[in-house]
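Asks: Before anything else, here's the structure in question.
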Amino acid sequence: METVILAVVIAVIVLGALGGLIVGSRRKKHLPPPPPAAPDITAPPAEPHVGEEAETPRDEARRTIEEVDLPGGAPTAVEEPPTAEAVEAPEIEIPEPTAGRLVRLRARLSRSQNALGKGLLSLLSREHLDDETWEEIEDTLLTADVGVQPTQELVDSLRERVKVLGTRTPADLRALLREELLKLVGTDVDRTVKTEPDDRKPGIVMVVGVNGTGKTTTTGKLARVLVADGRTVVLGAADTFRAAAADQLQTWGERVGAYTVRGPEAGDPASVAFDAVKEGKEMGVDVVLIDTAGRLHTKTGLMDELGKVKRVVEKHAPLDEVLLVLDATTGQNGLVQARVFAEVVNITGIVLTKLDGTAKGGIVIAVQRELGVPVKLIGLGEGADDLAPFEPEAFVDALIGD
């Protein structure tokens, strides 16, 4: 019996050992692999190079720019960009004084005397002044743009005085013609450009006119006239329809040290005019000149806009002058333009440009008669100082000659 029990125990032990061996072998087959060792980290390969630089760069001592020997021995100087202080401001010109300027420009104005002054003196010097001669005198005056009504008045006065005078020497005729022309031109009219109001500063002047009359150029030349008389000026480039007009006006201003206020192209001209007066007040200058866009007098919308510019400016202060620029060579057409502008902005003075042409001196008389306002300035050429205050005596003397 004991033998049987011992055999059973041995059998159980053997079976248990065999089972353990089988289970152990199965577990060994399903164990996960051991974790991999940490990889060695190496530097990335150098970027590819060409030629002598194809090898991987090596660490080497670096030198500063001062330690590097430049070819040629001496170091090369590196120019610094110019600073704002180093940029030279444009040279300021000193305009010639305006006193007696028209007398100095008399030679240019006297070109008009060929058809007017000399023509009249030649006709009046005839021994017999019949009706045909007086008709020729009328034609000469009309050709010189004196106008119908002033021409008739002058001829009637001359006929009466020549009849009373009797014998006529050249000196007598010249004195007679000079006196009658001075009556028509007017010697008792205030032709001062109003730029010094008593109660405030600055004076405000607006320049208007049609396209092509020389309006922007006249504004620039007027700035020179004022600077020559010791005034300080701000220019308002309210002609926003042409970028070239603002550039041109700014160039005129820079020549005499006048500051120019301008706005964006095609911007609101009234806004530019308003800002110019505001800037002039803040800077404490004597005069603000406002250049407006040239416009056809037949375009109602443009003329209304001109009236708006005037109203906006007058939110600061009343305008002291509204100068209408007329081309003297346009003759009677200029009078039509003048009439429309006067209705919109209340013209206070006339500037006649291009008066150095022949046969057009009489427009001075006609335009004053048409508008009831005086000619205050005349332009006699393309030079920077060819704008002169109008002086009746010098004007008439230039027309009829010595």
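The values are calculated or read from the model by the stated rules, or taken from the named source; none is laboratory data. Model, not experiment: these values are computed from the prediction. Here the Cβ is made from the backbone with ideal geometry for all residues, glycine too, and neighbour counts use every protein chain on show. Accessible surface areas use protein heavy atoms only, side chains included; no ligands, DNA or RNA. Shrake-Rupley method; radii C 1.70, N 1.55, O 1.52, S 1.80 Å.
Asks: Roughly what would the spin-label model give for Asp190 and Ala266, points 7 Å off Cα along C-beta, in nm?
Replies: 4.4
Asks: Any idea what the dipole of region 231-283 comes to, in debye rounded to 20, about its Cα centre with Lys/Arg Cβ at +1 and Asp/Glu Cβ at -1?
Replies: Its charge dipole is roughly 200 debye.
Asks: While we're here: Of the listed pairs Lys308/Lys354; Lys201/Lys315; Lys118/Lys215; Lys354/Lys376; Lys194/Lys215; Lys215/Lys354, which have alpha-carbon separations greater than 20 Å here?
Replies: Lys308/Lys354; Lys118/Lys215
Asks: Now for a different question. If I ignore ligands, DNA and RNA and count only protein heavy atoms, how much of Ile378 is accessible to a 1.4 Å probe, in Å² to the nearest 10?
Replies: Counting only protein heavy atoms, the figure is 0 Å².
Asks: Assign unit charges at the C-beta atoms only (+1 for Lys and Arg, -1 for Asp and Glu), then state the dipole size of region 129-255 relative to its Cα centre in Debye, rounded to the nearest 20.
Replies: Details: 17 positive and 23 negative charges, 199 e Å.
Roughly 960 debye for region 129-255.
Asks: By accessible area of protein heavy atoms, probe 1.4 Å, what ranking do Leu6, Leu235 get, highest first?
Replies: Final ranking, largest accessible area leading: Leu6, Leu235.
Asks: Using DSSP to call loops (not H, G, I, E or B), can you name the GluC sites (Glu not before Pro) in region 317-402 whose Cβ has at most 12 other Cβ atoms within 10 angstrom?
Replies: Values: sites: Glu321, Glu343, Glu370, Glu382, Glu393; in loops: Glu382.
Passing sites in region 317-402 are Glu382.
Asks: Ok, one more. May I ask you to list the residues of region 204-231 whose amide nitrogen lies under 14 Å from a point 7 Å from Cα along the Cα→beta-carbon direction of Thr251?
Replies: 216-218, 220-221
Asks: Provide Arg311, Arg101, Arg159 ordered by accessible surface of protein heavy atoms (probe 1.4 Å), highest first. Don't skip to the answer; put the middle values down first.
Replies: Details: Arg311 145, Arg101 0, Arg159 95 Å².
Reading off the accessible areas and sorting them downward yields Arg311, Arg159, Arg101.
Asks: Let me ask another. Stretched out fully, how many nm does the piece from Asn333 to Glu93 gain, at 0.36 nm a residue minus the Cα gap? Intermediate results must be reported in sequence, preceding the final value.
Replies: On the way: separation 240, 0.36 × 240 = 86.40 nm, distance 3.66 nm.
Difference between extended and current length: 82.7 nm.
Asks: Testing the spin-label approximation: label points 7 Å from Cα along Cα→Cβ at Met283 and Ala11. State their distance in nm.
Replies: Reported label-point gap for Met283 and Ala11 is 12.8 nm.
Asks: Starting from 0.36 nm per residue, how many nanometres of slack lie between Ser122 and Asp139 once their C-alpha separation is accounted for?
Replies: 4.8 nm
Asks: Oh, and also: Compute, for region 186-338, the length of the dipole vector about the Cα centre, with Cβ point charges of +1 (Lys, Arg) and -1 (Asp, Glu) only. Units Debye, rounded to 20.
Replies: On the way: 19 positive and 22 negative charges, 43 e Å.
Result for region 186-338 is approximately 200 debye, rounded to the nearest 20.
Asks: Turning to a different aspect of this structure: With label points built 7 Å along Cα→Cβ from the Cα atoms of Phe241 and Glu314, find their separation and express it in nm.
Replies: For Phe241 paired with Glu314, the spin-label model returns 2.3 nm.
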